[in-house]
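Peer 1: Once you've had a glance at the structure underneath, I'll fire off some questions.
The values are calculated or read from the model by the stated rules, or taken from the named source; none is laboratory data. Please read these numbers as outputs of a predicted model, since none were measured by experiment. Here the Cβ positions follow ideal geometry from the backbone for every residue, glycine too, while neighbour counts run over all protein chains shown. SASA here: full protein model, heavy atoms, side chains in, ligands and nucleic acids out. Shrake-Rupley method; radii C 1.70, N 1.55, O 1.52, S 1.80 Å.
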Amino acid sequence: MKVLKIAVPAAICLLLLLLIISFFLPSTWSVERSVVINTDADIIFTYIDNLSRWPEWTVWYEDNQNLVVTYEGPEAGIGATSRWKDKSHEGLMKIIESQPNEFIAYDLLFDKGASPMHGSIALNSTIETTEIVWTATGDVGINPISKYFILILNSWVGQDFERSLTKLKAILENPTPKRTA
């Protein structure tokens, strides 16, 4: 009984302290990763501007046998939309801006808009290479739990961006030779 008299007030104080701290945490987040690929922007652009090609290079489609993806609107560019659903989540991604061989911007909604995100992929070309800069931003509002969650979001989403960009680089710099009959 003596332990409860100490543990319960201590737990309440800890929760109150965490709540107070959350007021000082940011509500917005941003993640950015980049890679340089030894190929032209026009080749890379065909992979990023067409959402039906994203399963080829993004890690989000790996090892999810329950994932169902549908596509709407144009095949590529502004208005191109993908919807997905698995056992526990659903989402929608829509390209809202597209500048050929330079840039796309998209909106991403998870679980009926509970976690909106805005993203962009920019292509910066030189004579022999193209740098891809992938950025995502969001705002979690005043939810104290979500504010703590964004403290690890940069690492979590950043790892997915890095792995996806590495995969795209491998695809484009080391294409699989086509077999001849």
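Peer 1: Can you check what the net charge comes to around T39, using other residues whose Cβ is under 11 Å from the Cβ of T39 (Lys, Arg +1; Asp, Glu -1)?
Peer 2: Cβ neighbours under 11 Å give a net charge of -3.
Peer 1: Here's a follow-up. Taking the full set of protein chains and a 1.4 angstrom probe, give the accessible area of L14 in square angstrom, rounded to the nearest 10.
Peer 2: 100 Å²
Peer 1: Do any of K87/K147; K147/K167; K87/K169; K2/K147 go past 29 Å between their Cα atoms, and which?
Peer 2: The answer is K147/K167; K87/K169; K2/K147.
Peer 1: Using a 1.4 angstrom probe on the protein heavy atoms only, could you order R83, R33 from most to least accessible area?
Peer 2: Putting R83, R33 in descending order of accessible area: R83, R33.
Peer 1: Which value, in Å², gives the accessible area per residue of the stretch 12-135 when a 1.4 Å probe is used on the protein heavy atoms?
Peer 2: 57 Å²
Peer 1: Also, quick follow-up: Sort F23, F103, F149 by heavy-atom solvent-accessible area, probe 1.4 angstrom, most to least.
Peer 2: Largest accessible area first, the residues go F23, F149, F103.
Peer 1: 7 Å from Cα along Cα→Cβ at both S34 and S120: what's the point-to-point distance in nm?
Peer 2: 1.3 nm
Peer 1: Consider the candidate values (1) 10.3; (2) 15.1; (3) 11.2; state which one is mean projected area of the Cα convex hull in nm² computed from the structure displayed.
Peer 2: (2)
Peer 1: Here's another thing I want to ask about it. Quick one: if you stick a label point 7 Å off each Cα along the C-beta vector at E102 and L14, how many nm between them?
Peer 2: According to this spin-label approximation, the distance is 5.4 nm.
Peer 1: Rounded to the nearest 0.05, what FRET efficiency is calculated for I142 and T46 with R0 set to 45 Å and r the Cβ-Cβ distance?
Peer 2: Between I142 and T46 the formula returns 0.65.
Peer 1: Between D63 and F110, with labels modelled 7 Å along Cα→Cβ, what's the label distance in nm to one decimal, could you check?
Peer 2: Taking the simple label geometry, D63 and F110 are separated by 1.7 nm.
Peer 1: With a 1.4 Å probe and all protein chains left in place, how much of the accessible area of the stretch 88-127 comes from carbon and sulfur atoms, in whole percent?
Peer 2: About 55 percent, which is the carbon plus sulfur part of the accessible surface.
Peer 1: Quick one: putting +1 on the C-beta of Lys and Arg, -1 on the C-beta of Asp and Glu, what dipole do you get for the stretch 1-122 around its Cα centre, in Debye to the nearest 20?
Peer 2: The calculated dipole for the stretch 1-122 is roughly 1040 debye.
Peer 1: Something else now. Highest GNM mean-square fluctuation, the chain, Cα pairs closer than 10 Å: which of T28, T137, T81?
Peer 2: Greatest mean-square fluctuation among the candidates belongs to T28.
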